[in-house]
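The values are calculated or read from the model by the stated rules, or taken from the named source; none is laboratory data. The structure displayed is predicted, hence computed values, not measured ones. Counting neighbours? That spans all protein chains shown, and the Cβs are built from the backbone with ideal geometry, glycine included. Surface accessibility is based on the protein's heavy atoms, side chains included, excluding ligands, DNA and RNA. Shrake-Rupley method; radii C 1.70, N 1.55, O 1.52, S 1.80 Å.
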Amino acid sequence: MAQTPKAHDKKRKTSIPEFVNQVRTETSKVVWPTREETVRTAIFVFIFMVVLALFFFGVDSLFNAVVNFLLTLA
């Protein structure tokens, strides 16, 4: 029969220097985007934001027109 590990063996506290080393190691694995990729993504987000703003403006205007029409009937 296998022995079960105790709870304190599973969750060992990490010291501050060990934590800093782990953060440095993980940060070095990050692949940072190039300037070109960042600019391209920012332009895409801006265009998408404008398209969505126009869409929601149109939907809001349509609902406004419908509500105003219904209110004139009352």
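Points worth noting:
- The single condition among (1) at pLDDT below 95; (2) within 20 Å of the chain's Cα centre (by Cα) that Asp9 does not satisfy is (2).
- Residues within segment 18-74 that are within 20 Å of the chain's Cα centre (by Cα) and hydroxyl-bearing (Ser, Thr, Tyr), tallied: 4
- Segment 50-72 residues that are open to solvent by less than 90 Å² (accessible area, probe 1.4 Å), paired with ones that are among the acidic types (Asp, Glu) (beta carbon under 9 Å, 6 or more apart): none
- Taking the criterion of being of a type in the set (A, V, I, L, M, F, W, C), open to solvent by less than 80 Å² (accessible area, probe 1.4 Å) and part of a helix (DSSP H, G or I), the residues of segment 14-49 that qualify are Val20, Val23, Val39, Ala42.
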